[in-house]
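S.K.: Sharing a structure here in structure tokens format.
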Amino acid sequence: MSGGSAPVAVKVTNETHITSLEAAQIEDITPGLFVGTAAVPQADGTLKALEVHIFPEDMRGTGEGYRPFPQVAGGSMTNATISNIVGTEGAVTDNGLTLTLKYKEGQQTVVVPKGTPVVLLGKGDAAMLKPGAKVSVTGSKDAGGALTATRILVGLDGATPPI
């Protein structure tokens, strides 16, 4: 696996969660879905989505809530259920969507501009980890600096993990 321009060795264990992802479209975002989105704050108090992950029903509740997303300056991550969508007219002038995302402790309003990467998450396994696979790895370092993957997203059919 590589990170940036130099190869990075990452240990994969039985506890590593491997998830597939496939490219989706903004039109695939519908009320009632459980989604995750990395976002940045806007001046009006809403969040602007950097990407949207659509979870399958059997993954509903995964990481539910709102928290910092340190991979992006000022970023946040919201995993929640879409309770409302304002369509492609009105306040959103770029043919995007405005989502109301509800989770146990509250809700967030997230603007999803047209062109924002949207992916469908699914089941994955270690057999998907092949040379050339496009991956996003979350992990931890041990005392000696060795990296162990806790979660790996693997793009299918040429899909690239957005973040």
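S.K.: How would 83, 136 line up from fewest to most surrounding beta-carbon atoms within 10 angstrom? Show your work: numbers first, answer last.
M.R.: Details: 83 13, 136 17.
If I rank by nearby Cβ atoms, fewest first, I get 83, 136.
S.K.: If we count other beta carbons within 10 Å of each Cβ, what is the order of 8, 154, fewest first?
M.R.: 8, 154
S.K.: Less than 14 Å Cβ to Cβ from residue 154, Lys/Arg counted +1 and Asp/Glu -1: what total charge do the surrounding residues give?
M.R.: On the way: positive: 123, 130, 134, 151; negative: 22, 125, 157.
Computed value for this residue: +1.
S.K.: From the residues 144, 46, 36, which one has its Cα farthest along the dipole of the chain in the positive direction, the dipole being from +1 and -1 charges on Cβ of Lys/Arg and Asp/Glu about the Cα centre?
M.R.: Ranked along the dipole, the leading option is 144.
S.K.: Could you tell me what % of all Cα pairs in the stretch 29-89 have separations over 20 Å? Spell out each step's value before the answer.
M.R.: On the way: 461 of 1830 pairs.
Pairs farther apart than 20 Å: 25 percent.
S.K.: Report the semi-axes of the equivalent ellipsoid for the stretch 6-113 in whole Å, largest first, where each axis is √(5λ) for an eigenvalue λ of the Cα gyration tensor.
M.R.: Working: eigenvalues 130, 54, 42 Å².
Result for the stretch 6-113: semi-axes of 26, 16, 14 Å.
S.K.: Related question: Counting other beta carbons within 10 Å of each residue's own, what order do 78, 150, 46 fall into, fewest first? Don't skip to the end; give the middle numbers.
M.R.: Working: 78 26, 150 12, 46 16.
Least to most surrounded, the residues fall as 150, 46, 78.
S.K.: If Lys and Arg each add +1 and Asp and Glu each add -1, what is the summed charge of the other residues whose beta carbon sits under 12 Å from the beta carbon of residue 39? Don't skip to the end; give the middle numbers.
M.R.: Details: positive: 48, 67; negative: 51.
Net of charged neighbours comes to +1.
S.K.: Lysines within cross-link reach of residue 134: Cα-Cα under 22 Å, excluding same-chain residues under 8 positions apart?
M.R.: Within the straight-line cut-off, residue 134 pairs with 11, 123.
No value in this document is a laboratory result; all are computed from the given coordinates. Computed from a prediction, not measured in an experiment: that's the story for all the values here. Quick reminder, even Gly has a Cβ in these numbers, built from the backbone with ideal geometry, and neighbours come from all protein chains shown.
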